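Report on the following structure.
The values are calculated or read from the model by the stated rules, or taken from the named source; none is laboratory data. Just so we're clear, the structure is a prediction, and the values are computed from it rather than from any experiment. Please note: Cβ atoms are built from the backbone with ideal geometry, for glycine as well, and neighbour counts cover all protein chains shown. Accessible surface areas use protein heavy atoms only, side chains included; no ligands, DNA or RNA. Shrake-Rupley method; radii C 1.70, N 1.55, O 1.52, S 1.80 Å.
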Amino acid sequence: MKRLSIVAANWKMNGSLALVNSMVSELNNVTLNENVEVVVCPSSPYLAAFNAASASTNLSAAFSLGAQNFSEHNSGAFTGEVSASMLQEVGVSYIIVGHSERRSIYNESSALVAKKVKAALASGLKPILCIGESEEERAAEKTEVVLAEQLQPVIDEVGIENFKNVVIAYEPVWAIGTGKTASPEMAQETHQFIREFIAKFDENVADKLPLLYGGSVNAKNCEELFAQADIDGGLIGGASLKAEEFKIICSAAKGK
Ligand code: PGA
């Protein structure tokens, strides 16, 4: 059975309407390999514009829209927040949850991340669940413990069977935006650990789970990273803002 590969663009708090329009027209020139999806996650104000540009250019359905953040609540007195059901209503399919910037800058705990994954699934969105260790944790050989501690609350909250609608992105914190990428071997070793961890609960789910690598992925290193047995694409920050580079990364992904 083939496993889906995904290339997801995390624009963070960058971009503009002009970039939305130019990116959609550039993506119209990309030929994706079989069993590959591309997800663009711009800031919330640009979600509708991305969908309008995709519709007016007939962008292939293999390109879809993701959001970067949302509330664990569905509605109510939460000024400034956006719910998963609202995002779903405006055409969002994927949602980034637990990014290390949300965990460290906005103090999002793994318990909150688990609640958000539940809320996303309840609204029919596919969470891109980000996990990863810090430089100190890797140096102290705590990577596997940290990843298990980030995964377990989500498994407890939503149940392993619901991971069939979850994507996991392994992003070592020390590799995000730093230009330091995990070597393909190191990334593969950690991805294999994550897949085996999930397989202890459900082998079938683990087999089909898209496991993305993130952290300074670029046009030069993507091919080797994506060639690893347990790496099913990437979550791309900086390089996803440059159409020429992002197109190369999209074309490098292959379904496994
Ligand atoms: P980067 O960001 O590609 O700029 O390292 C990745 C991410 O934060 O998702």
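Data for the structure
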| read-out | value |
| --- | --- |
| Separation of the residue 82 and residue 208 label points, Cα + 7 Å toward Cβ, nm | 2.9 |
| Charge context of residue 26, other residues only, Cβ under 15 angstrom, K/R +1, D/E -1 | 0 |
| Packing-based ranking, highest mean first, of 44-51, 156-163 given that Cβ atoms within 10 Å are counted | 44-51, 156-163 |
| Formal net charge of residues neighbouring residue 226 (Cβ-Cβ distance under 13 Å; K, R +1; D, E -1) | 0 |
| Length released on extending from residue 223 to residue 161, taking residue separation times 0.36 nm less the Cα-Cα span | 19.2 nm |
| Three semi-axes of the equivalent ellipsoid, region 1-148, Cα gyration tensor, whole Å, largest first | 27, 20, 15 |
| Potential lengthening between residue 52 and residue 140 on full extension [0.36 nm per residue; Cα-Cα distance subtracted] | 26.9 nm |
| Compactness index (Cα Rg / 2.2 N^0.38 Å), the chain | 0.93 |
| Residue 43 paired with residue 189, simple spin-label distance in nm, labels 7 Å along Cα-to-beta-carbon | 3.9 |
| Computed over the chain: relative contact order in percent, which uses C-alpha pairs under 8 Å that are six or more apart | 24 |
| Accessible surface of the chain [probe 1.4 Å, protein heavy atoms]: carbon and sulfur percent | 51 |
| Extension gain from residue 200 to residue 28, taking 0.36 nm per residue of separation minus the Cα-Cα distance | 57.9 nm |
| Computed FRET value (nearest 0.05) for residue 13 with residue 61, which takes r as the C-beta separation and R₀ as 30 Å | 0.60 |
